[in-house]
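The values are calculated or read from the model by the stated rules, or taken from the named source; none is laboratory data. On a predicted model such as this, the values are computed, not experimentally measured, just so you know. When we count neighbours, we look across all protein chains shown, and the Cβ atoms used for this are built from the backbone with ideal geometry, even at glycine. With ligands, DNA and RNA removed, areas are computed over all heavy atoms of the protein, side chains included. Shrake-Rupley method; radii C 1.70, N 1.55, O 1.52, S 1.80 Å.
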Amino acid sequence: MSHTISINVIYHTAINYPVPEIIEMYISNGWNMNDFGHISLRALGDKDDYDWIELQLGQVDELYKVISKKVEANEDPAVVLMLNEIDVGAVTTFFPKENRINFLLMIGRKKHPELPEWTDISWYIPKLIKPLLASGIVIEQIASFDSL
């Protein structure tokens with residue numbers, strides 16, 4: 001049996017942070033973009049077909065250029081973010097017009113100790129919101145969706 005879990009974080013901020021700055025907030029708080037040896041992101045012009053491309057780890061500037069172009073084209077950028085030192089990560093989609101970030105927890109998913117078929121959401125929540133809170137961003141809502 002396979003679960004898909006998604007956590008949406010809806011936030012409010014007086015400053016309109018561009019997506020690369022939000023990614024940098026996560027990197028400053030224990031996350032990275034090393035998706036097992038490369039950077040994974042949704043391609044420009046994918047029209048929600050979820051076409052993924054890979055960049056070399058040193059191509060962060062190129063990543064940020066693609067993300068900026070996606071936002072300009074009214075596309076929702078997505079990148080894989082991994083937690084430092086462990087093989088746990090999330091496909092992270094940014095919805096800048098909605099002030100929302102979606103985390104699809106499918107990489108090394110942490111399972112609840114008492115309910116091993118279910119994701120341990122309480123393990124993830126601090127890791128998902130701390131980078132935003134540390135930058136003065138207000139969390140308005142957290143919603144999770146777990147499906148079989």
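Selection within segment 72-82: residues that are modelled with pLDDT under 95 and within 16 Å of the chain's Cα centre (by Cα). The member of this set that is nearest to GLY30 (Cα to Cα) is ASP76. The numbered conditions (1) open to solvent by 50 Å² or more (accessible area, probe 1.4 Å); (2) within 21 Å of VAL9 (Cα to Cα) are all true for LEU81 except (1). Looking at ASP61, is it open to solvent by 40 Å² or more (accessible area, probe 1.4 Å), acidic (Asp, Glu) and part of a loop (DSSP other than H, G, I, E, B)? Here the answer is no, as ASP61 does not meet what is asked. Mind checking whether some residue in segment 45-55 is open to solvent by less than 20 Å² (accessible area, probe 1.4 Å) and touching a residue at least 40 places away in the same chain (Cβ under 8 Å)? Taking every residue of segment 45-55 in turn, none turns out to be open to solvent by less than 20 Å² (accessible area, probe 1.4 Å) and touching a residue at least 40 places away in the same chain (Cβ under 8 Å). Residues that are of a type in the set (Gly, Ala, Ser), under 18 Å from ASP87 (Cβ atoms) and under 16 Å from the mean Cα position of the chain (by Cα) within segment 33-65 comprise just one, SER40.
The set of residues in segment 1-23 being among the aliphatic types (A, V, I, L, M) and either part of a loop (DSSP other than H, G, I, E, B) or open to solvent by 60 Å² or more (accessible area, probe 1.4 Å) (or both) consists of MET1, ALA14, ILE15.
Where residues in segment 24-39 are free of Cβ contacts under 8 Å to residues at least 60 places away in the same chain and part of a helix (DSSP H, G or I), which of them is most open to solvent (accessible area, probe 1.4 Å)? Among those residues, the one meeting the criterion is GLU24.
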